[in-house]
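Here the structure comes first, spelled out in structure tokens, and everything after it is commentary.
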Amino acid sequence: MRVRRRRRLLRCIRKSGELKTVQDNTAAIRPNDVLLISTFRNEKIRLPYFLRYYRELGVDHFLFVDNDSTDGALDYLKGQHDISVWHTQSSYRRATFGVDWMNWLARTYAHNHWTLTVDPDEFFVYPFCDTRPIQALTDWLDNSLIRSFSAMLIDVYPKGKLTDIPYQEGQNPLEIANWFDSGNYTIKKNPLYGNLWIQGGPRARMFFADTPKKSPALNKTPLVKWNRRYAYVSSTHALLPRGLNQVYDEWGGEKASGALMHTKFLDTFTAKAEEELTRKQHYAGSAEYKAYADTLSSQPELWCKWSEKYINWRQLEILGLMSKGNWA
């Protein structure tokens, strides 16, 4: 594992040559700032609310990689003082699906910072997030000597067809996509990295109904007190050193955890799936996006009679999808 980690770190240093600085405000980063790292392509429509959400949560500085957007996203981000952004035309797939770029940003700028690594369609929810900023959570984690914090990815979707309600730039996507599967999840331990592997939800039952074991992983560890020796291995599903993946209690108790509300399923998704299927820059030859495209052609509804309408984090805790653990 130590050799794997070193290879990951060497790889991210080599791949950093693919990134061109567009705006570097990292000199403004203060020692206790909470950072956010994200890679995107053609997500301008999502960025206004994404930034608003995480600024209100308490994120101090954003580190973005723009993978050759053509929708004006770069121009939108320019001039915002709490944002640093890099651009690349290089292959997302050959950068380990963006992981190499994110590892380099974290290694270079996030050492000793609590760092949140998320996609533009993911919204981090944690215990008491409606009343306490993210610094309250990171302070508690520091005091508890906890280095990493997990969040289950929860796919949210609208009631009706995805195309029924158009998403508007700057809008909270949870106003449209606010239903989720409260059950329908499987969990097992990954023997190699020690992380829990979670699958299920609407993607498993709708897009991978015949092959549920091939459905996307829902386990993530997006919040880490970063050290330049750390490295993500597979998106934010697994980290090295392996101890960072021990975000659960093996003896029957509960460790604090959060959720990532995944707002992929809006009216914009069909065009996004077709674009990514053509680009073939995702895992396994974009097999996931092939499954999306095949199913979306019939205009399906993800809502079912077992769907639950999202209210807040307390609801997720009651359902067992996240936990406040011993954080009171």
Odd one out for residue 224 among (1) surrounded by fewer than 17 Cβ atoms within 10 Å (Cβ to Cβ); (2) on the phi < 0 side of the Ramachandran plot; (3) in contact with a helix residue (DSSP H, G or I) (Cβ under 7 Å, 6 or more places away or on another chain); (4) of a type outside the set (D, E, K, R): (1)
Could you please give the count of residues in the range 228-273 that are at pLDDT below 80 and either crowded, with 22+ Cβ neighbours inside 10 Å or in contact with a helix residue (DSSP H, G or I) (Cβ under 6 Å, 6 or more places away or on another chain) (or both)? 1
Helices (runs of 4 or more DSSP H) (entirely within the range 229-328) containing at least 1 residues that are within 27 Å of residue 1 (Cα to Cα): 283-296
Name, by its number, the condition in (1) outside any strand (DSSP E or B); (2) aliphatic (A, V, I, L, M); (3) buried (at least 17 other Cβ atoms within 10 Å of the Cβ) that does not hold for residue 65. (1)
Apart from one, (1) without any contact (Cβ under 8 Å) to a residue 12 or more places away in the chain; (2) within 19 Å of the chain's Cα centre (by Cα); (3) not in a helix (DSSP H, G or I) all hold for residue 86; the odd one out is (1)
Boolean, residue 141 is over 19 Å from the mean Cα position of the chain (by Cα), free of Cβ contacts under 8 Å to residues at least 40 places away in the same chain, closer than 25 Å to residue 323 by Cβ and surrounded by fewer than 23 Cβ atoms within 10 Å (Cβ to Cβ): no
Residue by residue through the range 168-206, note down the ones that are touching a Pro at 6+ places or on another chain (Cβ under 7 Å) and on the phi > 0 side of the Ramachandran plot. 170
Please determine, by comparing only the residues of the range 150-164 that are out of contact with any helix residue (DSSP H, G or I) (no Cβ under 9 Å at 6 or more places or on another chain) and farther than 29 Å from residue 232 by Cα, which one is surrounded by the most Cβ atoms within 10 Å (Cβ to Cβ). 158
If I filter the range 183-209 down to residues being more than 20 Å from the chain's Cα centre (by Cα) and surrounded by fewer than 16 Cβ atoms within 10 Å (Cβ to Cβ), which single residue comes out as farthest from residue 251 (Cα to Cα)? 209
Could you tell me which of the residues 210, 249, 267 is charged (D, E, K, R) and in contact (Cβ under 8 Å) with a residue 60 or more places away in the chain? 267
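Output the strands (runs of 3 or more DSSP E) that fall wholly within the range 131-212 and possess 1 or more residues being at pLDDT 95 or above and more than 23 Å from residue 299 (Cβ to Cβ), or say none.
Values: elements: 148-157, 179-181, 185-189, 196-200.
Correct list: 148-157, 185-189, 196-200.
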Of the residues in the range 5-45, those that are of a type in the set (D, E, K, R), loosely packed, with under 14 Cβ neighbours inside 10 Å and in a helix (DSSP H, G or I) come to 6, 7, 14
Output for Cβ contacts, cut-off 8 Å, separation at least six or different chains, first residue buried (at least 19 other Cβ atoms within 10 Å of the Cβ) in the range 165-182, second basic (Lys, Arg) and part of a helix (DSSP H, G or I), reads 181/205
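The values are calculated or read from the model by the stated rules, or taken from the named source; none is laboratory data. Predicted model only: the values in this text are computed from it and were never measured. For neighbour counting, all protein chains shown are included, and Cβ atoms are generated from backbone atoms with ideal geometry for every residue, glycine included.
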